[in-house]
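Undergrad: My questions will all concern the structure given below.
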Amino acid sequence: MKLNIGSKNIVKIEALRKTIKNYEFLSSAEIITKEVNSDVKDQPMTIDETVNGAINRAKASYNNCDYSIGIESGFMKVKSARTNHLEVTVCAIYNGTDTSLGFSPSFECPPKVIRNIIDNNQDLTQTCNSVGLTSDSKLEQG
């Protein structure tokens, strides 16, 4: 079985590798990485934009494979959250006809992170680096 993933981001690729090991029918699948555009902002700020980014990545990477996967991290607006935003990751799996979706648990970022994302038009990785929460460059690879 061949799986394409619409990203060169090592974190997303490793998440897929670890996940498929848990499923016998997928455990020997070949993973092919594809550099594709999500066709959404670098930092999606709504659940619809995040879902669309995952779907766009999955569909754009579907070529000569059994399934393609798109993973997109973004925010969703939640009025009762302290910052009005929760971070969530969406996974789209495409078989050439149908798309299936999955969602990660969500979490709230510190207020200074959300303010920096909004005020400086940065993505989460850029902001976490600029406010000193991490210096992990692997997260910047799309």
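Undergrad: Consider Thr46 against the criteria (1) more than 28 Å from Arg115 (Cβ to Cβ); (2) out of contact with any Cys (no Cβ under 8 Å at 6 or more places or on another chain): it satisfies all of them except one. Which criterion is unmet?
TA: Single failed check for Thr46: (1).
Undergrad: While we're looking at this one, here's another question. Which of the residues belonging to segment 41-79 are of a type in the set (Asp, Glu) and either assigned to a helix (DSSP H, G or I) or surrounded by fewer than 22 Cβ atoms within 10 Å (Cβ to Cβ) (or both)? Full working, then the answer.
TA: Step one: filter segment 41-79 for residues of a type in the set (Asp, Glu), giving 42, 48-49, 66, 72.
Across segment 41-79, the qualifying residues are Asp42, Asp48, Glu49, Asp66.
Undergrad: Taking segment 82-109 on its own, how many of its residues are touching a Leu at 6+ places or on another chain (Cβ under 6 Å) and more than 16 Å from Ser68 (Cα to Cα)?
TA: Let us first name the residues in segment 82-109 that are touching a Leu at 6+ places or on another chain (Cβ under 6 Å), namely 92, 106, 108.
From what is left, the residues that are more than 16 Å from Ser68 (Cα to Cα) are 106, 108.
Here the count works out to 2.
So that you can scan it fast, the table gives a plain yes or no per residue for (1) modelled with pLDDT of 95 or more; (2) touching a Gly at 6+ places or on another chain (Cβ under 9 Å); (3) aromatic (Phe, Trp, Tyr):
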{"site": "Asn4", "(1), (2), (3)": "yes, no, no"}
{"site": "Ile10", "(1), (2), (3)": "no, no, no"}
{"site": "Glu14", "(1), (2), (3)": "yes, no, no"}
{"site": "Ile20", "(1), (2), (3)": "yes, no, no"}
{"site": "Glu30", "(1), (2), (3)": "yes, no, no"}
{"site": "Lys59", "(1), (2), (3)": "yes, yes, no"}
{"site": "Asn64", "(1), (2), (3)": "yes, no, no"}
{"site": "Ile69", "(1), (2), (3)": "yes, yes, no"}
{"site": "Ser80", "(1), (2), (3)": "yes, no, no"}
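Undergrad: List pairs: first residue in segment 23-52 and within 22 Å of Asn120 (Cα to Cα), second residue part of a loop (DSSP other than H, G, I, E, B) and modelled with pLDDT of 95 or more anywhere in the structure, Cβ distance under 6 angstrom, at least six positions apart or on different chains.
TA: Glu49/Val40; Thr50/Pro44
The values are calculated or read from the model by the stated rules, or taken from the named source; none is laboratory data. Computed from a prediction, not measured in an experiment: that's the story for all the values here. Virtual Cβ from ideal backbone geometry, glycine too; neighbours counted across all protein chains shown.
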